[in-house]
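This report refers to the structure that appears directly beneath it.
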Ligand code: ADP
Ligand code: MG
């Protein structure tokens with residue numbers, strides 16, 4: 001909890017104002033009973049009307065001052081707490097953006113969403129309450145006791161009895177409520193996960209007719225959360241009657257014993273009224289202090305979760321002294337590269353060495369799980385190598401800024417991802433400054449123009465979240481166009497043609513060949529027809545290079561390649 005307070009740093013001045021105003025308000029409240037006692041004991045007893053008017057007027061002024069302080073204080077407090085929440089959310093989002101794929105493998109997206117939204121809101125709400133009403137509670141408590149004793153020391157034994165009773169009751173409730181609050185947040189995480197999976201996988205859920213079991217899974221999480229929330233609320237609700245009972249018993253005791261003291265001439269009526277009011281203020285601020293003890297652990301649980309996410313240091317970071325990159329463009333070299341996924345026993349790829357230069361097309365072919373995606377993901381440094389070096393333009397990718405590296409790369413992922421927005425916006429994602437002509441040209445080369453022109457608003461047609469309103473092949477073509485407008489030095493196509501029919505695939509590659517003939521191109525594919533014309537074909541088998549060379553060479557001396565070819569091409573095509 002303490003750590004999260006660093007986000008309050010920019011708000012030192014408003015915080016000072018809030019604290020000053022809160023103390024002002026609290027002092028006004030503490031002063032009023034005293035004035036009231038004076039009106040009764042001095043003004044009314046002595047029938048001194050001007051004194052009553054004077055003191056009454058002062059009371060009005062003090063009250064107005066208190067109200068004014070309260071209004072301004074609440075304004076600043078709410079504003080500060082809300083900005084505090086905003087800053088935390090921004091910091092989280094910014095930090096998470098820096099995560100490497102490995103961190104996303106370890107902290108689930110749904111948990112990160114809960115942390116950015118619900119946990120932050122939790123902390124923010126508690127901050128509102130602390131700033132609005134709780135800052136001065138300890139002060140009011142202590143000052144109230146002193147002032148009450150000052151009014152009548154003999155009656156203060158009532159406070160000595162009641163305060164421990166109230167504190168005890170609060171402690172009892174607290175020790176039960178806090179663990180419940182903690183587990184509530186975890187249940188919420190779980191529920192978010194179920195919702196997330198159920199919604200993103202809705203097609204699969206339908207296809208396998210698993211709505212019922214998804215509902216059950218959701219119901220399970222939902223009722224667990226509800227049960228805990230009900231128990232917490234029951235506890236909190238039982239606090240109210242306990243507190244009201246204590247307050248009323250205290251009032252009765254004060255009136256009873258105070259009445260006797262008045263009868264005996266040991267106390268004045270005004271002093272009794274003031275004492276009663278101080279007692280109420282004391283018990284009320286006690287309640288506030290204890291609420292603070294309940295709310296702070298609750299917010300602390302959320303604050304911890306936020307801090308945890310913020311404390312994760314992204315595995316892949318820019319070097320302290322990045323090497324400047326030459327303008328020479330797009331040389332890629334793998335030097336004896338090996339890599340294994342964290343936690344995996346075996347290397348996903350081993351001892352990979354090759355060189356690729358601008359103007360060359362390197363194709364990578366191999367069975368599913370042979371390490372093709374892993375290999376090309378090392379070029380944009382999505383992961384760091386386990387052994388060896390990946391060099392781009394002669395510099396190890398670990399020694400350059402990620403931004404500089406990725407500036408050079410146009411990446412078309414295996415699973416095409418589009419963002420909600422128009423088609424034009426999605427293509428321009430590759431290059432904000434692309435002109436309309438450049439964008440249309442990219443769509444042309446990617447063979448996307450045809451289907452775009454049949455859409456109602458052509459380039460301004462809307463792509464829904466996750467690109468669910470276009471087909472897989474259309475998505476692939478749009479993500480190819482997105483890479484093309486970037487005009488990068490290195491192109492990476494990870495099975496980017498897999499959802500295209502053979503004819504479109506061929507047309508697209510023909511168009512690409514002329515368009516990007518000066519770039520370094522990597523094409524991952526399972527189709528022999530796609531890779532056949534490449535300058536260099538790397539045949540991967542269980543993460544190792546089984547053969548490398550052009551189609552002819554491999555046909556002559558690579559068994560794995562020949563096997564793949566034999567399953568896909570007719571003898572005439574091979575010849
Ligand atoms: P390909 O693209 O050739 O189908 P991949 O490069 O995706 O193969 O995968 C190679 C191997 O690495 C597979 O055995 C796969 O199970 C494993 N793998 C892929 N991605 C991950 C990951 N994020 N975490 C752990 N293992 C992975
Ligand atoms: Mg793959």
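Data table
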{"item": "When residues of the range 404-431 are limited to those that are within 26 Å of the chain's Cα centre (by Cα) and free of Cβ contacts under 8 Å to residues at least 40 places away in the same chain, the one surrounded by the fewest Cβ atoms within 10 Å (Cβ to Cβ)", "result": "415"}
{"item": "Pairs where the first residue, in the range 130-154, is under 19 Å from residue 272 (Cα atoms) and the second is not in a helix (DSSP H, G or I), C-beta under 6 Å, 6+ apart", "result": "152/267"}
{"item": "Subset of the range 426-448 [touching a strand residue (DSSP E or B) at 6+ places or on another chain (Cβ under 8 Å) and outside any loop (DSSP other than H, G, I, E, B)]", "result": "426"}
{"item": "Residues of the range 79-98 that turn out to be touching a helix residue (DSSP H, G or I) at 6+ places or on another chain (Cβ under 6 Å) and farther than 18 Å from residue 118 by Cα, as a count", "result": "1"}
{"item": "Tally, over the range 276-332, of residues that are surrounded by fewer than 14 Cβ atoms within 10 Å (Cβ to Cβ) and out of contact with any helix residue (DSSP H, G or I) (no Cβ under 7 Å at 6 or more places or on another chain)", "result": "10"}
{"item": "Residues of the range 486-503 satisfying the condition of being more than 16 Å from ligand 2 (Cβ to nearest atom) and under 31 Å from the mean Cα position of the chain (by Cα)", "result": "486"}
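Conditions (1) more than 20 Å from residue 560 (Cα to Cα); (2) in contact (Cβ under 8 Å) with a residue 60 or more places away in the chain; (3) within 13 Å of ligand 1 (Cβ to nearest atom), marked per residue:
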| site | (1), (2), (3) |
| --- | --- |
| 339 | yes, no, yes |
| 342 | yes, yes, yes |
| 358 | yes, yes, no |
| 361 | yes, yes, no |
| 368 | no, yes, yes |
| 374 | no, yes, yes |
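Here is a yes/no grid of residues against (1) within 16 Å of ligand 2 (Cβ to nearest atom); (2) part of a strand (DSSP E or B):
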| site | (1), (2) |
| --- | --- |
| 318 | no, no |
| 346 | no, no |
| 350 | no, yes |
| 370 | yes, no |
| 376 | yes, no |
| 380 | yes, no |
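Since every read-out is calculated from the coordinates, none of them should be taken as a lab result. Note that the structure is a prediction, hence the values are computed from the model and not measured. Here the Cβ is made from the backbone with ideal geometry for all residues, glycine too, and neighbour counts use every protein chain on show.
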